[in-house]
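Colleague: Below are the structure tokens for one structure; questions will follow.
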Amino acid sequence: MLLDSKFNPEISINSGQMFLWEKYKNSWYGTYGSLILKFSITNNEIEFCSAPKFDNWEHFIFRLDDNIQNIFSNFSNDIILPKLLKRYTGLRLIRQDPHQCMISFACSSNTNISMIRTMLKNLSMKFGIKKQIDNKIFFTFPAMKNLYKASINELCSCSVGYRAKAIKSIAEKMVTGALTIDELYRCKYDDARKILTSIYGIGNKIADCILLFSLEKTEAFPIDVWMGRAIFMYYKRLIDNRKVTIINTNKKLSDNQYSILSEMMRNHFGKYGGYAQQYLFYHIRNTKMKKW
DNA sequence: CGCCAGGCAACGG
DNA sequence: CCGTTGCCTGGC
């Protein structure tokens, strides 16, 4: 495949949510559940493979069927998104494995990306399956069954701290069949979010990340502290002051404030607002943060 | 040492 | 509804 302006896998990985990807020389390796994915770039040519074989995985993972131009035509009146589309060419929304996505974001509370990566790598080494590819060692993402069986102490040995309880409660729902991925796929955004937030350890923000990155809810608009800052910078005029009085960018949003702002952004951007979120998120971190 | 980082739950007003 | 508090961990 030829690298072109519609798709740049490296910038998509750098956007932050593809936690378990590593670069060696001119190749990237990453985990999608029980698959190890790989792509290599030489000159302007890019080549994809995987183990076990999953033909055209890049098509699925990077949502290459989505027509970015069409999607952004919904944002043409927005104050900044048309600029961001030009500036971050090739940035895609990604599909993650739903189980992996739930655990990944359950690990994300009150910490940073590098720590999330450490936790997930530790969990994979302890509870995943070892694979050798190109003389390098990788681990598949742990099966829910193994996380469910693990003791809190075993989970804690992966440096997840108090998040161990959340990991177990998610794994329990999935293993016992109290909740299925299929059910979440079929539900509408609102219903799926309610189900997710009823699980211990999953609040508003983490639910929105899971919905957007793994459950086909492209309207989901996660608001972390960075997105809160972006809203404060660019979308203050949209805020109904009768509902949300002040946004202090140093303070975390209350549940109610989160709901109001997230709904406001969904109304503003519509069905593919998650794409807007992806570009805004990349932009605000890219410009306001010194390093990743 | 103290403070902070891509939230959450539990609790008191 | 709001605000406060504690929480594992590693980096600074």
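The values are calculated or read from the model by the stated rules, or taken from the named source; none is laboratory data. Just so it is clear, the model here is predicted, and its values are computed rather than measured. Cβ placement follows ideal geometry from the backbone for every residue including glycine, while neighbour counts extend to all protein chains displayed. Note: areas computed on protein heavy atoms with side chains; ligands, DNA, RNA excluded. Shrake-Rupley method; radii C 1.70, N 1.55, O 1.52, S 1.80 Å.
Colleague: Can you confirm whether residue A:96 is surrounded by 14 or more Cβ atoms within 10 Å (Cβ to Cβ), part of a loop (DSSP other than H, G, I, E, B) and at pLDDT below 95?
Modeller: Answer is no for this residue.
Colleague: Here are A:131, A:168: which of them is under 30 Å from residue A:25 (Cβ atoms) and either outside any loop (DSSP other than H, G, I, E, B) or not hydroxyl-bearing (Ser, Thr, Tyr) (or both)?
Modeller: A:131
Colleague: In addition: Mind listing whichever residues of segment A:205-241 are more than 12 Å from the chain's Cα centre (by Cα), assigned to a helix (DSSP H, G or I) and under 19 Å from residue A:270 (Cα atoms)?
Modeller: If the condition is that a residue be more than 12 Å from the chain's Cα centre (by Cα), assigned to a helix (DSSP H, G or I) and under 19 Å from residue A:270 (Cα atoms), then A:227, A:228, A:230, A:231, A:234, A:236, A:237, A:238 are the ones that fit.
Colleague: One residue is enough: does segment A:213-222 have a residue meeting the conditions small (Gly, Ala, Ser), more than 16 Å from DNA strand C (Cβ to nearest atom) and farther than 28 Å from residue A:287 by Cα?
Modeller: Looking through segment A:213-222, none of the residues is small (Gly, Ala, Ser), more than 16 Å from DNA strand C (Cβ to nearest atom) and farther than 28 Å from residue A:287 by Cα.
Colleague: Take the residues of segment A:175-195 that are touching a residue at least 24 places away in the same chain (Cβ under 8 Å) and aliphatic (A, V, I, L, M): which is farthest from DNA strand C (Cβ to nearest atom)?
Modeller: This residue is A:181.
Colleague: Restricted to segment A:136-148, and to residues that are part of a helix (DSSP H, G or I) and open to solvent by less than 40 Å² (accessible area, probe 1.4 Å), which residue is nearest to DNA strand C (Cβ to nearest atom)?
Modeller: My answer is A:147.
Colleague: Collect the residues in segment A:106-135 that are more than 15 Å from DNA strand C (Cβ to nearest atom) and open to solvent by less than 60 Å² (accessible area, probe 1.4 Å), keeping them in residue-number order.
Modeller: Listed by number, the residues that qualify are A:124, A:127, A:128, A:133.
Colleague: Return yes when residue A:56 is open to solvent by 30 Å² or more (accessible area, probe 1.4 Å), out of contact with any strand residue (DSSP E or B) (no Cβ under 9 Å at 6 or more places or on another chain) and under 29 Å from residue A:271 (Cα atoms) and no when it is not.
Modeller: no
Colleague: I'd like to know if segment A:110-124 contains one or more residues that are part of a helix (DSSP H, G or I), over 28 Å from residue A:281 (Cβ atoms) and away from DNA strand B (no atom under 16 Å from the Cβ).
Modeller: No, every residue in segment A:110-124 fails to be part of a helix (DSSP H, G or I), over 28 Å from residue A:281 (Cβ atoms) and away from DNA strand B (no atom under 16 Å from the Cβ).
Colleague: Would you confirm whether any residue within segment A:200-212 is open to solvent by 10 Å² or more (accessible area, probe 1.4 Å), charged (D, E, K, R), more than 9 Å from DNA strand B (Cβ to nearest atom) and within 27 Å of residue A:276 (Cβ to Cβ)?
Modeller: Among the residues of segment A:200-212, not one is open to solvent by 10 Å² or more (accessible area, probe 1.4 Å), charged (D, E, K, R), more than 9 Å from DNA strand B (Cβ to nearest atom) and within 27 Å of residue A:276 (Cβ to Cβ), which makes the answer no.
Colleague: Does segment A:72-93 hold any residues that are under 24 Å from residue A:1 (Cβ atoms), of a type in the set (A, V, I, L, M) and open to solvent by less than 10 Å² (accessible area, probe 1.4 Å), and which are they?
Modeller: A:91, A:93, listed by residue number.
Colleague: Which one is farthest from residue A:128 (Cα to Cα), of the residues in segment A:148-166 that are among the polar types (S, T, N, Q) and away from DNA strand B (no atom under 12 Å from the Cβ)?
Modeller: Among residues in segment A:148-166 that are among the polar types (S, T, N, Q) and away from DNA strand B (no atom under 12 Å from the Cβ), the one farthest from residue A:128 (Cα to Cα) is A:153.
Colleague: Can you pull out the residues in segment A:138-181 that are aliphatic (A, V, I, L, M) and either within 19 Å of the chain's Cα centre (by Cα) or over 23 Å from residue A:110 (Cβ atoms) (or both)?
Modeller: A:143, A:144, A:160, A:166, A:167, A:170, A:171, A:174, A:175, A:178, A:179, A:181
Colleague: Quick one: which helices (runs of 4 or more DSSP H) sit completely within segment A:1-77 and have at least 2 residues that are touching a helix residue (DSSP H, G or I) at 6+ places or on another chain (Cβ under 7 Å)?
Modeller: Filter on segment A:1-77 gives A:68-73.
Colleague: Are there any pairs with C-beta distances below 6 angstrom linking a residue in segment A:154-174 that is more than 12 Å from DNA strand C (Cβ to nearest atom) to a residue that is outside any helix (DSSP H, G or I) and open to solvent by 50 Å² or more (accessible area, probe 1.4 Å), with the two at least 6 apart or on different chains, and if so which?
Modeller: Sorted first by the residue in segment A:154-174, then by its partner, the pairs are A:169/A:200.
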